[in-house]
1. If you roll a 1.4 angstrom probe over the protein chains with everything in place, what fraction of the accessible area of the range 152-305 belongs to carbon and sulfur, to the nearest %?
2. Based on alpha-carbon atoms only, what is the radius of gyration of the range 163-226 relative to the globular estimate 2.2 N^0.38 Å?
3. Classify the range 201-306 as rounded, prolate or oblate from the Cα gyration tensor: take a ≥ b ≥ c as the square roots of its eigenvalues, call it rounded if a/c is under 1.5, otherwise prolate when a/b beats b/c and oblate if not.
4. With all pairs of different alpha carbon atoms counted, what Kirkwood hydrodynamic radius in Å does the range 143-251 show?
5. Give me the net charge of Thr359's neighbourhood, meaning all other residues with Cβ under 10 Å from the Cβ of Thr359; Lys, Arg count +1, Asp, Glu -1.
6. Within the set of other residues whose C-beta is less than 10 Å from the C-beta of Lys186, count the net charge using Lys and Arg as +1 and Asp and Glu as -1.
7. Could you go through the range 190-199 in sequence order and give the Karplus-derived ³J(HN,Hα) for each residue, using 6.51 cos²θ - 1.76 cosθ + 1.60 with θ = phi - 60°, rounded to whole Hz, and x for Gly and Pro?
8. Counting only residues 5 or more places away or on other chains, whose amide H sits under 5 Å from the amide H of Gly435 once H atoms are built in the peptide plane?
Amino acid sequence: MSFSKRNLRQSLRKKEAKRILILFLSSLLSGIKKFGAQSVSFLKKSISFLRHPIEFTERKKKKERRFRWLLGGVMIIFGAFVVFESSIRMLGFLQNFSFSDLLWVAGSELPKDQNGFTNILLLGVGGKEHESWDGGELTDTIIVASIDQKTKSVVMLSIPRDFYVETDVTSGRINEVVQLASEHYKKLGDPDPRRRGIETLEKEIEEIFHIQIDRFLQVDFRAFVETIDALQGIDIDVEKTIDDPEYPTPDWKYERFYLPAGKQHLDGATALKFARSRHSSSDFDRSRRQRQIISAVLEKAGSLHILTSPGKLQEMYHIVEGNIHTNFSFREMISLANIGYTFPRENLLSFGLNDDPKTTGGFLVTPARELFSGAFVLVPFLNLTKDKYEHIRVFVDVILHHRDLNLQKTKIHISNASQSSGLAASTKAHLERFGIPVETTATSDEKLEKTEIRYENSLENNETAMFLTRFLSGTLRPYDPESQQILAKNTENEKITSSDISIFLGKNHQNFRIPLSQNPDSFSSSP
């Protein structure tokens with residue numbers, strides 16, 4: 001009898017303990033069920049488990065049974081507190097949301113080339129609404145954006161729409177490649193002719209510039225306008241007044257587009273005109289304005305904290321849905337957005353190919369029209385190498401693989417220590433044409449027979465000085481900044497007292513060294 005009473009009391013105690021634990025977990029569940037489906041699932045399983053008695057054989061020793069109950073209870077309570085702590089952390093996440101947290105959950109690693117860069121082909125087209133009146137299928141904007149997560153920088157390179165290319169299926173201006181190649185593959189019955197057209201353009205850009213294109217993103221005018229309107233407009237510093245009397249309208253007519261120089265706030269429609277107007281300026285100015293708009297959009301999106309606003313994110317999604325064409329996965333797009341949100345704005349570097357040999361990227365010329373069936377096109381300038389794209393590839397190599405030069409981490413100065421006037425200015429133009437910025441030029445009090453490249457003694461400066469010997473002849477020489485307090489005087493006779501690298505041009509400095517890309521047979525041209 002006593003045995004039965006003892007068993008009954010033990011059974012009642014067990015049931016009471018389980019009832020109390022179930023009430024505790026149920027209360028905990030009701031308090032945190034809104035903070036995560038996984039936490040809810042865990043607790044429900046725990047409660048369901050406790051509601052079904054665990055049978056213990058009477059052959060087990062009393063001590064062993066007590067130990068297991070104690071251990072099981074400790075583990076369950078420990079698990080409950082783990083879930084509780086996770087829920088508290090989730091609550092903190094929701095209250096202090098950051099995009100990096102979302103990236104950790106949903107983002108995906110972006111593809112990279114062998115140099116660690118993610119190279120994206122950005123394309124702008126008119127779209128269906130512009131097909132009948134303004135070349136809706138022509139590629140209005142062509143930009144290669146190269147992301148380097150190591151330096152947290154993005155290099156944008158604009159390719160002029162009149163750049164002449166010859167592909168496997170067509171030849172002509174580069175802005176016609178996608179349209180003509182798409183039509184070609186459509187006639188062949190290809191299931192996705194537009195994709196094949198873009199792939200044709202990708203292949204041509206890869207072969208010309210010796211870079212690997214990892215992804216593409218094609219956006220039409222409607223998405224462009226509505227995105228900027230969703231951002232409540234963007235702020236642009238207009239470099240020079242635009243007065244275009246022949247901006248095309250949908251009714252096959254023209255209207256005047258006027259935008260004064262200075263700081264302007266642009267809505268989507270005005271920003272589109274700012275990006276596309278070309279009758280009062282060159283196509284190179286137009287390309288520069290397009291890159292300026294991309295930078296302004298990133299700036300505005302960051303200032304409005306778009307990526308931390310669910311409502312804005314939903315609005316942006318509906319805008320781009322159906323108006324973009326890309327091979328990015330959704331998770332890769334999240335990672336890409338995080339890069340645009342977190343990278344410093346000053347690390348967004350902008351370049352463009354053009355026909356002015358005195359400016360950065362000036363490697364194009366306009367040939368006689370009769371050589372190209374009367375069409376206005378741009379081709380690489382005549383050089384003495386076997387490959388007509390050689391100097392363009394060197395330029396691309398500099399801006400992609402030597403970003404520190406344009407991130408203003410290394411200061412370069414040129415001193416004219418020869419007896420030839422104007423040599424410092426011409427050498428500066430030569431280097432900057434290939435994307436190597438020169439901070440200052442001056443006339444040196446020294447007179448040298450041979451050119452010297454002097455540098456403050458560090459590994460980084462030594463590597464940069466060695467790199468400069470690809471573009472000009474000179475003897476490398478480290479200098480002690482304390483013994484070189486005054487390097488030279490500039491044109492205003494002001495003393496120049498510091499520089500990471502100083503190029504002292506000697507009497508023997510007559511001709512520029514014509515650089516060659518170091519790996520002409522591969523996409524990688526890094527030294």
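The values are calculated or read from the model by the stated rules, or taken from the named source; none is laboratory data. Only a predicted model underlies this, so the values are computations on that prediction, with no experimental measurement involved. Neighbour counts run over all protein chains shown; Cβ positions are idealised from the backbone, glycine included. Side chains are part of the model used for accessible areas, which takes the heavy atoms of the whole protein and leaves out ligands, DNA and RNA. Shrake-Rupley method; radii C 1.70, N 1.55, O 1.52, S 1.80 Å.
1. Within the range 152-305, the accessible surface is 47 percent carbon and sulfur.
2. Rg over 2.2 N^0.38 Å, computed on Cα atoms: 1.17.
3. In terms of gyration-tensor shape, oblate.
4. After inverting the pairwise mean of 1/r, the radius is 16.9 Å.
5. -1
6. Residues close to Lys186 contribute a combined charge of 0.
7. 5, x, 9, x, 5, 4, 5, x, 5, 4
8. Gly361
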